[in-house]
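**Q** This structure is in structure tokens; I'll ask about it shortly.
Every number here is computed from the coordinates shown, using simple stated rules; none is lab data. Being a predicted model, the structure only gives us computed values, none of them experimental. In this analysis, Cβ positions are derived from the backbone assuming ideal geometry, glycine residues included, and neighbour counts consider all displayed protein chains.
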Amino acid sequence: MAKGGRESTDTTMPKFFETALQQSVGMGQDLAAMPYTEYRGADIAAFSPMQEAAFRNQQDAMAAFGMQGGQGSYLPTPVNTGGAIGYSSAPVYDAARANLEASSPATADYISSFGIDPVTGAVGSRAPDRQPVSLEMTSAGRKGGK
């Protein structure tokens with residue numbers, strides 16, 4: 001190599017890999033653009049009838065010896081979500097959302113403008129305007145493709 005000369009090495013990636021990379025980035029953008037979806041089901045399992053009976057028996061045994069036990073329950077009423085009985089945080093989330101809408105309606109509207117109305121399906125004014133990326137890959141791009 002002559003003094004002051006340059007050495008260059010160009011590398012290129014295979015077309016199938018470039019396509020897969022572009023599709024992966026596109027899918028990531030699509031997923032990032034999705035609005036938040038609240039979980040409405042049970043978060044933790046409720047106590048079984050046998051466990052509830054054991055709690056009552058323990059309270060009765062303590063009372064028989066003049067001892068005081070815990071009074072009442074601090075847990076909310078369990079919900080049945082199609083066979084799974086448990087406790088849900090959905091009412092707490094709904095209350096927090098209602099509080100935000102009552103105390104800061106402009107903030108609530110701004111946050112909602114990024115998503116989709118769950119009842120009407122209307123897209124918010126700030127929701128990303130993107131078409132989903134096609135995840136098809138041609139057989140010619142695969143190693144050993146036909």
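**Q** Mind giving me the FRET efficiency for T37 and Y74? R0 is 25 Å, r the Cβ-Cβ distance, nearest 0.05 is fine. The partial results should precede the final answer.
**A** On the way: r = 29 Å, r/R0 = 1.16.
Computed FRET efficiency for T37 and Y74: 0.30.
**Q** Could you check the spin-label model distance between L21 and R126? Points 7 Å from the Cα along Cα→Cβ, value in nm.
**A** Placing both labels 7 Å along Cα→Cβ, they lie 3.3 nm apart.
**Q** To the nearest 0.05, how large is the calculated FRET efficiency for A90 and Q29 if R₀ is 35 Å and r is the Cβ-Cβ distance? Working shown, then result.
**A** On the way: r = 29 Å, r/R0 = 0.84.
Once the sixth-power term is evaluated, E becomes 0.75.
**Q** Still on this structure, please answer the following. Could you give the length gained on full extension between I116 and S103, defined as 0.36 nm per residue of separation minus the Cα-Cα distance, in nm? Mind showing how you got there, number by number?
**A** Details: separation 13, 0.36 × 13 = 4.68 nm, distance 2.20 nm.
Computed gain between I116 and S103 is 2.5 nm.
**Q** Amide H neighbours of I85 under 5 Å, at least 5 residues apart or on other chains, H built in the peptide plane: list them.
**A** Under 5 Å from the amide H of I85 lie the amide H atoms of A46, each far enough along the sequence or on another chain.
**Q** Stokes-Einstein diffusion coefficient for segment 45-123 at 20 °C in a medium of 1.002 mPa s, Rh from the Kirkwood formula over Cα pairs: what value in µm²/s?
**A** Values: Rh = 16.6 Å.
Stokes-Einstein gives a translational diffusion coefficient of 129 µm²/s.
**Q** What are the residues whose amide H is under 5 Å from the amide H of I116, where those residues sit 5 or more places off or on another chain and H is modelled from the backbone?
**A** The list, which skips near neighbours in sequence, is G124.
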